[in-house]
Amino acid sequence: RFDNYRNTFAYSVGAEYAHSPVLTLRGGVQFDFTPTVQATRDTTFPDANRLVFAAGASVELAKRTYLDLAGNYVKFRTVAIGVTRTFFDGTALASSATINDIATPHINTFSAQLRYAF
């Protein structure tokens, strides 16, 4: 259901620096607002506002052949999760579970690519 989400946006800035004819460095930072709302946040999607730091480099290994490396770190804002789930409604096995917790997720991503330009 889309009622549980809101429109949002992000702010970001980045830069690229040609350190030498064979090495290019790049980096950036982004602040991204979550589309989730507190009332419907749960353990299956503990999203929150986040700050993303990214860095990368391209190295020319040979004529028209490059190695691209990149990494980023995503730090989510700490959010509270409070949800009650009901199972097997209307049966003899009807039960519920209440979850109250704090989520402080973060993500690290690394990538490498070999690129040939022609």
Q: Report in % the part of the accessible area of the range 1-66 that belongs to carbon and sulfur, leaving out ligands and nucleic acids; probe 1.4 Å.
A: 60
Q. What's the center-to-center distance, using Cα atoms, between the range 67-118 and the range 4-61 in Å?
A. 16
Q | Cα gyration tensor shape of the range 28-81, rounded if a/c is under 1.5, else prolate or oblate by comparing a/b with b/c | A | prolate
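Starting from the eigenvalues of the Cα gyration tensor, five times each then square-rooted, give me the equivalent ellipsoid semi-axes of the chain, largest first, whole Å.
44, 16, 12
Restricting to DSSP loop positions (anything but H, G, I, E, B) with no more than 12 other Cβ atoms inside 10 Å of their own Cβ, which trypsin sites (Lys or Arg not before Pro) remain in the range 27-118? Mind dumping the intermediate values first?
Numbers: sites: ARG41, ARG50, LYS63, ARG64, LYS75, ARG77, ARG85, ARG115; in loops: ARG41, LYS63, ARG64, ARG77.
Hits after loop and neighbour filter: LYS63, ARG64.
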Q: Could you pull out the chymotrypsin sites (Phe, Trp or Tyr not before Pro) across the range 59-109 that fall in loop regions by DSSP (anything but H, G, I, E, B) with no more than 15 other Cβ atoms inside 10 Å?
A: PHE88
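The values are calculated or read from the model by the stated rules, or taken from the named source; none is laboratory data. Only a predicted model underlies this, so the values are computations on that prediction, with no experimental measurement involved. Backbone-built Cβ (ideal geometry, glycine too); neighbour counts: all protein chains shown. Quick note on the areas: whole protein, heavy atoms, side chains included, nothing else; ligands and nucleic acids left out. Shrake-Rupley method; radii C 1.70, N 1.55, O 1.52, S 1.80 Å.
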